[in-house]
Amino acid sequence: MNLDLHLDYQLALEPGLDPFGIGVIGAGFIVRDCHLVAYQQAGFRVVGIASRTRARAEEVAALRGIPRVYRDYHELLDDREVQIVDIGVPPQNQPAIIRDVVRHADHVRGILAQKPLAMSYAEARAIVELCEQAGVVLAVNQNMRHDQSVRAAKDLLDRNLLGEPVLATIDMRAIPHWMPWSQSLPSLSTYIMSIHHLDCFRYWLGDPVRVLASTRPDPRTTFAHSDGINLYILEYESGCRASSWDDVWTGPVREGSQGDIGIRWRIEGTEGLARGTIGWPSYPAHTPSTLDFTTKRRGDYWFQPRWSEAWFPEAFRGTMGELLLALKHNRPPANNGRDNLGTMALVEAVFRGAREHRVLELREIHGR
């Protein structure tokens, strides 16, 4: 049996997106080496940048060819050529900036916010409602959805090549670089790292009904924190289960042992099986993710498509591209703020469930 192997592994862009002027707030690593590199590759039009320190903004502007550097983000928001605001700041600072952005809704049409959108579901919902009332389109930078293997796996599910999902797993053994701003957060791994995988499960499978979670501190991380190594199971009404082991310790590899670092994922369905790897733990080496899949339609074969693109930085064209296409066609982006409340609820449920040592229903978070 012939199969169409043209998988939807990367968001298709189209002409007519460059009229939207993008103003960037923030000049840290994720902006400098991911957002701006991907935008340049995609042909998006960045008109200016502002950061906490002007010198840092000037440095990044010179490196990435950005024409304007603003005194601060308030000056950026006053520029009527800025129609989209791309926010790249720590999560505890983001809600206040979004509140300032919507005051410029006379010319700002869209916001690409970082994830987590806020440090609580309640504040995230307030931000979403504020943007909706102001008529500003809010998108959230859940960039793992645009990792090539993750997006291609979603295409397999949508085309029913795997059948009804039975079990999905992510096994992460990687050591993040915790930024200084993360030390003051009430949550470490759940809101900063596990949020990627929780949103990925929602992207693949939809919203679960309940979660079981457990956590312990990371032995390597020296500052005080409660959620380091995270383990959780998501239960779906359909009977499907999803689970992730978010291991930011991985053993004493930094202390002298051999290492076994990587991220592997797997989706088992009634009609097929998909498995893959995520390349970002090798960063700054440009390492594309991988996908292998088999299906009962061709039970004698493992398909192994490969791509030259990688999560860092190419996936970031997808999150901004979703917003640009939405504004061009006057429709909500797939990564819209209202949808992201489902991810925020799931993150909060995992964090609370682990802390309170109990199974937690998602309806408790949503308040229904």
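Considering the range 126-154 alone, what residues qualify as being among the acidic types (Asp, Glu), under 14 Å from Gly276 (Cα atoms) and out of contact with any strand residue (DSSP E or B) (no Cβ under 8 Å at 6 or more places or on another chain)? Selection gives nothing. Just one of the listed residues (Val140, Val101, Val128) is of a type in the set (Val, Ile, Thr) and either surrounded by fewer than 17 Cβ atoms within 10 Å (Cβ to Cβ) or more than 20 Å from the chain's Cα centre (by Cα) (or both), and it is Val101. The set of residues from the range 31-51 being without any contact (Cβ under 8 Å) to a residue 60 or more places away in the chain and not polar (S, T, N, Q) comprises Val31, Arg32, Leu36, Gly43, Arg45, Val46, Val47, Gly48, Ile49, Ala50.
Tallying residues that are closer than 17 Å to Ser120 by Cβ and in contact with a helix residue (DSSP H, G or I) (Cβ under 6 Å, 6 or more places away or on another chain) within the range 193-210 yields 3.
Among the conditions (1) under 27 Å from Pro186 (Cβ atoms); (2) in contact with a helix residue (DSSP H, G or I) (Cβ under 7 Å, 6 or more places away or on another chain), the only one that Thr250 does not satisfy is (2). Within the set Thr190, Thr215, the sole residue that is of a type outside the set (A, V, I, L, M), within 16 Å of the chain's Cα centre (by Cα) and surrounded by 21 or more Cβ atoms within 10 Å (Cβ to Cβ) turns out to be Thr190.
Residue-wise test of (1) under 29 Å from Asn336 (Cα atoms); (2) touching a residue at least 40 places away in the same chain (Cβ under 8 Å); (3) β-branched (Val, Ile, Thr).
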| position | (1), (2), (3) |
| --- | --- |
| Arg173 | no, yes, no |
| Ser189 | yes, yes, no |
| Phe201 | yes, yes, no |
| Arg216 | no, no, no |
| Asn230 | yes, yes, no |
| Gly239 | yes, yes, no |
| Ile263 | yes, yes, yes |
| Thr270 | no, yes, yes |
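Condition check: within 24 Å of Asp227 (Cβ to Cβ) and touching a strand residue (DSSP E or B) at 6+ places or on another chain (Cβ under 9 Å). Does Asp79 satisfy that? In short, no.
Read the figures in this text as sums done on the coordinates, not as results from a lab. Small disclaimer: the values here were computed from a predicted structure and weren't measured. Heads up, the Cβs are rebuilt from the backbone with ideal geometry, glycines too, and the neighbour counts pull from every protein chain shown.
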